[in-house]
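Structure first, commentary second.
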Amino acid sequence: MKNSHALLLVLVIGCVSSAASDRPDIVADLACETARMAVRLSQEMAPAPASDKCTNCDGTGKLGDGRIVTVCPICKGTGKKP
């Protein structure tokens, strides 16, 4: 899929009408939009987290020392990330 993005980018870069060469603001706008698209397509998506358990209570839904236990305020006792 990355190759198709590169091909599209190459095709779009050359798309400037002859009337646009008289107006440098249009050429500059097209250059900026093309650069923005190239940067956006080159960014990798962040991988999904390995687990959806709450990092505050380690997925138990409770916090405490064993004698005193309270509901985790972050996940509200579900044990999952909010």
* Which order do V71, V39 fall in if you start with the one that has the fewest other Cβ atoms within 10 Å? -> V39, V71
* **Neighbour-count ranking [beta-carbon atoms within 10 angstrom, fewest first] of L30, L41** => L41, L30
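By how many nm would the segment from I68 to L41 grow when fully extended, if each residue of separation counts as 0.36 nm and the alpha-carbon distance is taken off? Could the numbers behind the result be given before it?
Working: separation 27, 0.36 × 27 = 9.72 nm, distance 5.09 nm.
Working it through step by step, the gained length comes to 4.6 nm.
Each value in this text was obtained by applying a stated rule to the coordinates, not by laboratory testing. Owing to the predicted nature of the structure, the values given are computational and were not obtained by experimental measurement. Using ideal geometry, Cβ is built from the backbone for each residue, glycine included, and neighbour counts are taken over all protein chains shown.
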